[in-house]
Structures are given as C-alpha cells and as structure tokens.
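*Asks:* Take a look at the following structure, please.
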C-alpha cells in the first residue's frame with residue numbers, strides 16, 4: 001500500500017437532462033397554457049382590485065373565519081393587488097423553468113487587471129483631455145475646485161456632532177431634592193401619608209416649581225412608586241428604615257437593568273416585577289434583586305411628612321437611577 | 001346470550017367497559033359533589049342577615065379562612081377586608097375557590113345575590129372596611145372622561161393588565177385577568193379592595209372621579225371595533241410575531257423551495 005493518491009479528475013458538468021417540454025410538443029403546449037393561465041389570473045386580480053375600489057361601498061363588512069370582521073372593499077383591494085403581483089411572478093418563473101432555454105453555460109473567469117496597452121492608453125487620454133481643458137494653465141479653477149471638493153468632505157464630519165453633546169450630570173441627577181413634595185402621576189395632587197392604606201400603591205412624581213413644564217425626559221428619571229405595607233414586615237437596616245414613613249416606602253420606578261418602568265407590584269408577596277426581563281425585587285428588603293438580570297436594587301427615596309402630613313422627600317436620590325452607564329461610579 | 005358472550009371476547013370490549021365505568025362514576029361523583037353547594041341555605045325567619053351570613057361562612061368558607069375569619073396558613077384573614085371584598089370575590093365566583101391553585105379565577109358564582117349579601121354583612125360586622133359599591137353611584141357614563149381615563153390607566157393599571165386591558169402574566173402562575181366584559185361595579189370594588197395580588201387604589205389616591213374615568217376608558221376599549229379584522233388577542237407583537245414567523249415565513253419558504261426546484 002503506497003501513500004500516493006490517485007489524481008482527482010475534473011468530473012465536468014453532469015449530463016444535461018432534458019425537460020419534457022423540450023422534446024414533447026404536447027407538454028410544451030401544456031406549459032404554455034399554464035403560464036398563460038397564471039398571467040390571466042393576475043389580470044383578473046387587477047380587475048378585482050379596481051372593482052373593489054370603485055364598485056364596493058366602504059361601509060360593507062363581512063365576517064370571515066380566522067380573519068374576523070373585515071371591510072369588504074379594503075379586503076378586495078389588498079387581496080387583488082397582492083394576487084395580481086404574485087401571479088405575474090409565478091407565471092414568469094414557470095415560463096422560465098419550463099420553456100425558456102435551460103442549457104448550462106460556462107462563464108470563464110478572467111484576470112481583473114487590464115492589459116498594459118489599455119492602461120497606457122487610459123493615462124494618455126487623461127493627460128490629453130486635461131491639456132485641452134486647460135487644467136494646468138488655469139490654476140484658479142484648479143484650486144477653487146480643490147477647495148470645493150475638500151469642503152464637501154467636511155459636512156458629514158460636522159454632522160457627527162449630533163452624536164453628542166455629552167449628558168454631563170443629566171444621568172446622575174433627578175428633580176428630587178430635600179423637601180420636594182410627592183405628587184400623584186398623572187393628576188399632580190399632593191399626597192398625604194394617610195391617603196395610602198396598607199396594601200395600597202401610588203405612582204408619584206416630584207412637584208416641580210411653578211411654571212415649569214414636565215417633560216417626558218423628566219418623567220423617565222423622576223418616576224417613583226409608593227408602596228404601603230405593615231411596618232413590622234420591613235427587613236431593613238436602621239438607615240433605610242428611617243427613609244420610610246409609617247410603612248410607606250418609595251422606590252425609583254426605573255429598572256436598574258434596562259430602564260423599563262418597574263411597577264408590577266404583587267401585594268401578597270410584596271414583590272415588584274419588571275415587565276421587560278422579569279427582574280424581581282423584594283420590597284421588604286429595600287428592593288433587593290431576588291430574580292432576573294438586574295444587578296442592583298432599585299434606588300430608594302428617603303421620604304417623610306411636612307407639618308400638615310403631606311409626603312415630602314427628605315433628600316434626593318443618593319445614587320443615579322436607572323440602568324448602568326459608562327461613567328457611573330458604583331457598579 | 002351467545003351473542004353477548006361473543007361480544008365479550010371482542011378486542012375493544014375491555015377498553016369500552018372501562019370507559020363506560022369511568023364516565024358513570026365520574027358523572028355521578030360530580031353531580032353528587034355539586035349538589036350541596038347549590039342547595040339554598042335554610043334560615044329561620046327570626047335570624048338577622050349577619051347570622052345568616054355567619055352560617056354560610058361556617059359551612060362554605062371557614063375550612064380555609066378559620067372559624068372566626070382569622071385566616072390560616074392557606075388563606076388570609078378576612079377581618080377588616082370589608083363588604084366590598086366579599087361582594088367582589090364571591091359575586092364574581094372567585095370565592096369559594098374550586099381548587100388550591102395559585103389564583104382564584106372568575107367562574108359562575110356559587111352563592112346567589114342574597115347569600116352573597118349575607119356573607120358580606122357578616123364579614124363587614126367583624127371590622128369596618130370598604131362598603132359594597134352601588135353600581136348606580138359610579139355614573140361613569142356621565143362623569144367618566146375616556147381620555148383622562150386612558151392616561152390614568154396607562155400609569156396605574158397597564159403594567160399588569162396590559163395596555164389594552166387584556167390581562168397579563170405575573171410570577172408563579174399568577175396573572176392579572178383581562179378587564180374585558182367586567183362589570184363597572186366589580187372594577188371599582190377591585191380597585192378599593194385590592195384582591196389577591198392586586199394592590200389597593202383607595203379613593204384618596206385615585207378619587208371616585210378618577211375611577212369613573214378609568215372605567216369609562218375600559219368600557220370604551222371593550223367596545224372598540226376591530227376594523228382591521230382579527231385582533232389576535234390585542235396583545236401586540238407576541239401573537240402578531242407568532243403568526244408572521246410561522247404562517248408568513250412558512251409561505252415564503254414554500255415559495256423559495258418551488259423557485260429552486262427544477263422543472264421536469
């Protein structure tokens with residue numbers, strides 16, 4: 001047994017198999033009829049489209065199983081238009097497959113480089129035309145053209161500025177500060193601690209100074225969820241416990257994972273769920289993550305009451321709310 | 001007789017007999033177990049409605065909620081939940097539960113209106129709580145603002161009940177039910193009592209006017225015609241995506257296979 005391998009021979013093209021329509025005139029006739037029928041179906045569909053638009057009242061409705069109640073003329077226009085295009089394609093391909101020439105053709109590959117002769121001729125032509133255009137003599141035109149072309153290249157570069165400006169402190173600050181009143185979202189009413197029963201929740205926003213418009217960007221950072229449970233159910237350290245008020249605890253509603261609004265609150269289990277990726281936070285343990293991809297608890301807002309019993313923030317958030325970002329200090 | 005003994009040896013005889021026996025025993029059992037619950041509770045004419053409620057409670061509810069409605073490991077205390085909670089849970093058929101599943105679901109009520117009222121009166125006598133809502137007092141048709149209700153719904157309700165009030169999943173098999181076809185009275189009672197996983201939305205945080213707005217929006221969403229044909233459950237990309245990825249892509253693959261097929 002030697003190690004030499006038999007030389008692999010180019011098998012060439014497989015033998016061409018003729019289609020039935022190539023040698024059987026009856027089959028060819030049949031294929032021709034099939035193609036014609038497909039094209040005529042397309043034509044009929046176009047007629048249906050036009051008739052649906054012109055002839056059927058938009059008020060007419062029909063109930064179809066699976067599709068529900070449909071406007072008849074809309075359905076006719078849509079189905080007619082789709083079928084008229086579809087059958088043209090179907091007919092063309094059936095034509096190509098059954099009747100058009102199908103003998104295999106070999107396309108040889110060529111070198112990409114042009115012949116030396118062609119290249120030389122190209123250079124000569126350019127030089128000659130540049131001479132007749134007086135490009136060498138009219139230097140004013142040459143330079144101003146250069147300036148115009150150069151500046152045009154600058155405009156896409158300038159547009160890159162739209163990637164900025166940098167958010168600066170925007171990601172780390174909210175409108176919550178010491179003594180900001182909690183107001184209900186969307187009604188904008190101040191909330192008393194006594195307004196919340198045990199088991200109640202309220203969606204709140206910071207009260208903005210008179211005349212300030214609340215923007216969506218602000219709501220996206222400021223949204224807070226108030227939850228009241230029985231105080232003895234808390235399992236918090238002394239500092240976090242002092243941030244609550246008679247069983248009322250406040251968390252940022254912006255998920256620390258991807259920034260969705262975490263507001264699915266299960267009153268019996270005291271779990272807060274994020275609808276996007278199912279991160280689950282335990283309200284009794286300062287929104288500790290007990291399930292899901294979130295890496296941090298939801299930031300807790302320190303709350304208290306003013307002299308009249310209205311809920312206020314005792315300080316702003318002590319950490320940036322929402323998902324991680326590059327410059328965020330803590331993990 | 002000979003014919004019967006011949007049939008006995010038929011190969012389907014044993015499976016058929018087993019099926020017949022199972023159906024007989026099963027239907028007899030279900031009839032027997034359904035009987036006591038639909039029986040009307042007999043009450044003496046001198047007893048008050050609270051006493052009547054207590055009798056129903058002891059028979060139908062106390063095995064889970066405790067003899068004095070104090071609750072147990074498997075069921076919460078009912079002291080202070082109020083008549084509204086009873087009216088909601090019993091009136092929508094959620095209580096008594098059919099089995100110990102994660103969540104009581106809406107079904108045909110087991111107690112009639114009078115028995116429900118008696119139960120509610122008994123539970124309300126234990127401790128003060130929200131009262132049964134009078135459906136005529138809500139007046140959502142007159143006072144409810146659909147646009148405001150939509151804003152309130154999206155902020156307070158949509159995260160669990162879905163943006164089109166179709167309901168949605170929670171954890172461990174629990175779910176927020178669809179609000180389609182729910183009577184305004186029960187929507188109101190659910191908001192003030194916070195049944196099961198749902199938190200409370202008391203009249204101080206969502207005023208009766210706010211609640212009328214929300215109810216008006218839900219009713220409007222319920223009546224929203226589906227002009228585009230099948231609404232696919234109105235849950236957005238989930239069912240729509242499923243349809244496109246299976247049916248739509250299936251058709252495209254079929255066409256692609258046909259395109260590449262050589263004609264004979």
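*Asks:* Which residues, counting only those in segment B:130-146, are assigned to a helix (DSSP H, G or I) and either within 11 Å of chain A (Cβ to nearest Cβ) or at pLDDT below 90 (or both)? Before the answer, list the steps.
*Replies:* Step one: filter segment B:130-146 for residues assigned to a helix (DSSP H, G or I), giving B:135-138, B:140-143, B:146.
Once the filter is applied, which keeps residues that are assigned to a helix (DSSP H, G or I) and either within 11 Å of chain A (Cβ to nearest Cβ) or at pLDDT below 90 (or both), segment B:130-146 yields B:135, B:136, B:137, B:138, B:140, B:141, B:142, B:143.
*Asks:* Next question, about the same structure. Output the residues belonging to segment A:54-82 that are more than 13 Å from chain B (Cβ to nearest Cβ) and either buried (at least 16 other Cβ atoms within 10 Å of the Cβ) or within 30 Å of residue A:19 (Cα to Cα) (or both).
*Replies:* Correct list: A:56, A:76, A:77, A:80, A:81.
*Asks:* Same structure again: If a residue has to be in contact with a strand residue (DSSP E or B) (Cβ under 9 Å, 6 or more places away or on another chain) and either free of Cβ contacts under 8 Å to residues at least 24 places away in the same chain or not in a helix (DSSP H, G or I) (or both) to count, how many in segment B:159-176 make the cut?
*Replies:* The total comes to 11.
*Asks:* With the structure loaded, tell me whether residue B:108 is more than 11 Å from chain A (Cβ to nearest Cβ) and more than 17 Å from the chain's Cα centre (by Cα) or whether it fails that test. Working first, answer last.
*Replies:* On the way: more than 11 Å from chain A (Cβ to nearest Cβ): yes; more than 17 Å from the chain's Cα centre (by Cα): no.
No.
*Asks:* What number of residues in segment B:177-192 are within 13 Å of chain A (Cβ to nearest Cβ) and either touching a strand residue (DSSP E or B) at 6+ places or on another chain (Cβ under 7 Å) or closer than 19 Å to residue A:274 by Cα (or both)? Before the answer, list the steps.
*Replies:* Of all residues in segment B:177-192, those within 13 Å of chain A (Cβ to nearest Cβ) come to B:190-192.
Next, only the ones that are either touching a strand residue (DSSP E or B) at 6+ places or on another chain (Cβ under 7 Å) or closer than 19 Å to residue A:274 by Cα (or both) stay: B:192.
Residues that pass the stated criteria total 1.
*Asks:* In addition: Which residue is surrounded by the most Cβ atoms within 10 Å (Cβ to Cβ), if the candidates are limited to segment B:246-261 and must be within 11 Å of chain A (Cβ to nearest Cβ) and out of contact with any helix residue (DSSP H, G or I) (no Cβ under 7 Å at 6 or more places or on another chain)?
*Replies:* Restricting attention to segment B:246-261, the residues satisfying the condition of being within 11 Å of chain A (Cβ to nearest Cβ) are B:247, B:251, B:255, B:258-261.
Restricting the remaining residues to those that are out of contact with any helix residue (DSSP H, G or I) (no Cβ under 7 Å at 6 or more places or on another chain) gives B:247, B:251, B:255, B:258, B:260-261.
On the way: B:247: 10, B:251: 10, B:255: 14, B:258: 12, B:260: 7, B:261: 9.
Filtering segment B:246-261 for residues that are within 11 Å of chain A (Cβ to nearest Cβ) and out of contact with any helix residue (DSSP H, G or I) (no Cβ under 7 Å at 6 or more places or on another chain), the one surrounded by the most Cβ atoms within 10 Å (Cβ to Cβ) comes out as B:255.
*Asks:* So residue A:236 passes all but one of these: (1) over 19 Å from residue A:263 (Cα atoms); (2) surrounded by 14 or more Cβ atoms within 10 Å (Cβ to Cβ); (3) over 35 Å from the mean Cα position of the chain (by Cα); (4) within 14 Å of chain B (Cβ to nearest Cβ). Which condition number does it fail?
*Replies:* (4)
*Asks:* Out of curiosity, is residue B:226 in contact with a helix residue (DSSP H, G or I) (Cβ under 9 Å, 6 or more places away or on another chain) and farther than 22 Å from residue A:75 by Cβ?
*Replies:* No: the conditions fail for residue B:226.
*Asks:* Same structure again: From the list B:190, B:169, B:147, B:120, which one is surrounded by 17 or more Cβ atoms within 10 Å (Cβ to Cβ) and within 22 Å of residue A:261 (Cβ to Cβ)?
*Replies:* Numbers: B:169 fails: surrounded by 17 or more Cβ atoms within 10 Å (Cβ to Cβ); B:147 fails: surrounded by 17 or more Cβ atoms within 10 Å (Cβ to Cβ); B:120 fails: within 22 Å of residue A:261 (Cβ to Cβ).
Only one candidate passes the filter, namely B:190.
*Asks:* Does residue B:216 meet the test of being over 30 Å from residue A:76 (Cβ atoms), in contact with a helix residue (DSSP H, G or I) (Cβ under 6 Å, 6 or more places away or on another chain) and at pLDDT 90 or above?
*Replies:* On the way: over 30 Å from residue A:76 (Cβ atoms): yes; in contact with a helix residue (DSSP H, G or I) (Cβ under 6 Å, 6 or more places away or on another chain): yes; at pLDDT 90 or above: yes.
Judged against the criteria, residue B:216 is a match.
*Asks:* Give the residues of segment A:272-330 that are in a loop (DSSP other than H, G, I, E, B) and under 23 Å from residue A:232 (Cα atoms), sorted by residue number. Break it down into steps so the answer makes sense when it comes.
*Replies:* Keep residues of segment A:272-330 that are in a loop (DSSP other than H, G, I, E, B), which gives A:274-279, A:286-287, A:292-299, A:302, A:306-309, A:314-330.
A:286, A:287, A:297, A:298, A:299, A:302, A:309, A:314 - these are the residues of segment A:272-330 that are in a loop (DSSP other than H, G, I, E, B) and under 23 Å from residue A:232 (Cα atoms).
*Asks:* Okay, next question. Being part of a helix (DSSP H, G or I), in contact with a helix residue (DSSP H, G or I) (Cβ under 9 Å, 6 or more places away or on another chain), surrounded by 12 or more Cβ atoms within 10 Å (Cβ to Cβ) and in contact (Cβ under 8 Å) with a residue 12 or more places away in the chain narrows it down to one of A:48, A:40, so name that one. First the steps, then the outcome.
*Replies:* Working: A:40 fails: in contact (Cβ under 8 Å) with a residue 12 or more places away in the chain.
Residue meeting the stated conditions: A:48.
*Asks:* Identify, from the list A:299, A:293, A:320, the residue that is in contact (Cβ under 8 Å) with a residue 40 or more places away in the chain and out of contact with any strand residue (DSSP E or B) (no Cβ under 7 Å at 6 or more places or on another chain).
*Replies:* On the way: A:299 fails: out of contact with any strand residue (DSSP E or B) (no Cβ under 7 Å at 6 or more places or on another chain); A:293 fails: in contact (Cβ under 8 Å) with a residue 40 or more places away in the chain.
None of the other options fit; the residue is A:320.
*Asks:* Please specify each residue of segment B:193-219 satisfying the condition of being part of a loop (DSSP other than H, G, I, E, B), without any contact (Cβ under 8 Å) to a residue 12 or more places away in the chain and within 7 Å of chain A (Cβ to nearest Cβ).
*Replies:* Correct list: B:194, B:199, B:202, B:204, B:205.
The values are calculated or read from the model by the stated rules, or taken from the named source; none is laboratory data. Quantities reported herein were computed from a predicted structural model and do not represent experimental measurements. We place every Cβ from the backbone using ideal geometry, glycine too, and count neighbours over all the protein chains shown.
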